[in-house]
1. Please work out which one of (1) among the hydroxyl-bearing types (S, T, Y); (2) under 22 Å from Q192 (Cα atoms); (3) loosely packed, with under 13 Cβ neighbours inside 10 Å is the condition S89 fails and give its number.
2. Tell me, yes or no, whether the range 202-214 has at least one residue that is open to solvent by less than 50 Å² (accessible area, probe 1.4 Å), in contact with a Pro (Cβ under 6 Å, 6 or more places away or on another chain) and either within 27 Å of P316 (Cα to Cα) or of a type in the set (F, W, Y) (or both).
3. Determine whether V267 is out of contact with any strand residue (DSSP E or B) (no Cβ under 9 Å at 6 or more places or on another chain), surrounded by fewer than 18 Cβ atoms within 10 Å (Cβ to Cβ) and free of Cβ contacts under 8 Å to residues at least 60 places away in the same chain.
4. What are the residue pairs meeting all of these: first residue in the range 191-216, first residue on the phi > 0 side of the Ramachandran plot, second residue open to solvent by less than 60 Å² (accessible area, probe 1.4 Å) and of a type outside the set (V, I, T), Cβ atoms under 9 Å, and 6 or more apart or on different chains?
5. Might you let me know whether the range 65-83 holds any residue that is in a strand (DSSP E or B), open to solvent by 60 Å² or more (accessible area, probe 1.4 Å) and touching a residue at least 60 places away in the same chain (Cβ under 8 Å)?
6. Go through the range 144-157 residue by residue and tally those that are surrounded by 13 or more Cβ atoms within 10 Å (Cβ to Cβ) and under 23 Å from K67 (Cα atoms).
7. Test F296 against the criterion of being surrounded by fewer than 24 Cβ atoms within 10 Å (Cβ to Cβ) and in contact with a Gly (Cβ under 6 Å, 6 or more places away or on another chain), and give yes or no.
8. Give the residue, chosen from F248, F254, that is over 22 Å from the mean Cα position of the chain (by Cα), at pLDDT 90 or above and buried (at least 23 other Cβ atoms within 10 Å of the Cβ).
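The values are calculated or read from the model by the stated rules, or taken from the named source; none is laboratory data. Keep in mind that what you see is a predicted model, and the values were worked out from it rather than measured. Glycine gets a Cβ as well: all are built from the backbone with ideal geometry, and neighbour counts include every protein chain shown. Remember, those area values only see protein heavy atoms, side chains included, never the ligands or the DNA or RNA. Shrake-Rupley method; radii C 1.70, N 1.55, O 1.52, S 1.80 Å.
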Amino acid sequence: MIELWPLWLIPVLVVLGIGVSAWLVHSRVELPAHFRIKLIAGEEVDPVDLALLSRYDEELAQLGFEKVGDFEISGVAGENLHRVFVHRSDNTEATVSVFVSGLRKIPHLEFYTRFQNRGSLSTDQAVLPNYFEIPPEREIQRFPGLGSAKLYPLHKNKVAELAAAGRNPVAVSKESVFRYIEEDQQELLNYQIEKGFLLADAEGDLLRPSWKFALYFIVRNLDPIPFGIGNLKLVSVLLACAAIMFGFFAFARFGEPGRLLSQFGLVPPGDNYAVCAAGALIGGLTLGFIIQRRGFLWAGLIAVAGLFIFIHNLFPNDWIIILIAAQAGFVGNRIFESRLTRSPTRLPGQLMVLIALTVIGWLIIMGK
């Protein structure tokens with residue numbers, strides 16, 4: 001029989017983690033009630049951030065956009081840097097923002113056109129989830145990782161389609177764009193208050209997330225579909241890593257691994273555990289490295305499927321393979337980060353946990 005209590009413990013811990021995280025968002029996060037832009041001179045921008053923003057200068061210039069300047073949002077903590085461009089003839093604004101993802105800073109491009117009926121169209125690269133409630137008159141197109149040369153035609157085509165239906169774009173210029181952004185974002189903040197997502201303090205100067213927003217924010221972050229990766233690539237990677245894990249699991253079940261591993265002194269059930277753990281490690285590390293976000297979740301889910309299809313009752317406490325696969329997904333993500341930053345500060349801790357899980361699995365299985 002499969003020991004089910006560890007599987008029941010996982011959702012309990014997940015629910016507890018969601019509750020604690022939502023409380024932190026509800027009690028600690030503050031936003032200014034009035035959206036105001038602070039312009040930033042070029043010499044004030046961090047060189048790393050400047051390099052990220054500048055990636056798009058030439059690309060957008062070739063599409064007909066003029067650079068306006070850089071700004072931050074007054075009163076907002078954390079990464080808060082944006083560069084604005086305008087396309088006068090198309091009445092479209094482009095904004096490149098710098099966000100933090102793990103240890104990385106990543107640029108995010110959005111094309112935005114506002115219409116005279118107060119509606120709008122946004123087309124972006126979808127590198128992060130959208131956390132705000134969006135009014136029905138605001139349309140959003142999200143294309144994970146798509147470059148500006150392909151992204152802008154998609155935006156223009158949709159604008160043309162909406163214009164043909166009688167929705168005329170509002171004129172935008174270098175002189176008006178910052179006022180345009182302030183008004184637009186203030187309307188969005190007011191909508192969050194109206195819907196009960198944000199609550200104003202007694203003085204009306206600050207906004208705090210409601211419990212409704214806090215829970216939405218946490219659950220949105222647990223969305224199993226990682227941002228920044230196309231659907232075809234995601235499915236291909238999941239299938240490839242499932243094939244790796246299931247191949248090892250099937251070999252453990254049907255391939256008599258004891259014959260191959262007996263020369264290393266491995267005897268049942270240790271031989272089966274060694275093969276399954278190897279599959280979970282290789283599959284999880286590969287998955288976490290390629291898709292980065294949600295790698296732990298998908299690796300764990302693939303291992304759950306493999307547990308019930310191939311390795312149930314193959315050795316005691318087989319649920320440990322799920323934890324090893326999920327943790328390997330974490331480590332794969334940390335390896336990817338370390339390769340980018342050349343500073344593996346977050347890798348050793350997760351790697352030690354993975355090693356410890358693998359050793360603990362061996363001890364509890366061989367102790368039976």
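1. (2)
2. The initial filter retains those residues of the range 202-214 that are open to solvent by less than 50 Å² (accessible area, probe 1.4 Å), namely 204, 207, 209-210, 213-214.
Checking the rest, the ones that are also in contact with a Pro (Cβ under 6 Å, 6 or more places away or on another chain) come to none.
No, the conditions are met nowhere in the range 202-214.
3. The answer is yes for V267.
4. Taking only residues 6 or more apart or on different chains, the pairs are G196/S210; G196/F213; G204/A33.
5. There is at least one residue in the range 65-83 that is in a strand (DSSP E or B), open to solvent by 60 Å² or more (accessible area, probe 1.4 Å) and touching a residue at least 60 places away in the same chain (Cβ under 8 Å).
6. So in the range 144-157, the residues surrounded by 13 or more Cβ atoms within 10 Å (Cβ to Cβ) come out as 144-146, 148, 151-152, 154-156.
Keeping just the survivors that are under 23 Å from K67 (Cα atoms) gives 145-146, 148, 151-152, 154-156.
Residues that pass the stated criteria total 8.
7. Numbers: surrounded by fewer than 24 Cβ atoms within 10 Å (Cβ to Cβ): yes; in contact with a Gly (Cβ under 6 Å, 6 or more places away or on another chain): yes.
For F296, the condition - surrounded by fewer than 24 Cβ atoms within 10 Å (Cβ to Cβ) and in contact with a Gly (Cβ under 6 Å, 6 or more places away or on another chain) - is met.
8. Values: F254 fails: buried (at least 23 other Cβ atoms within 10 Å of the Cβ).
Exactly one of F248, F254 is over 22 Å from the mean Cα position of the chain (by Cα), at pLDDT 90 or above and buried (at least 23 other Cβ atoms within 10 Å of the Cβ), namely F248.
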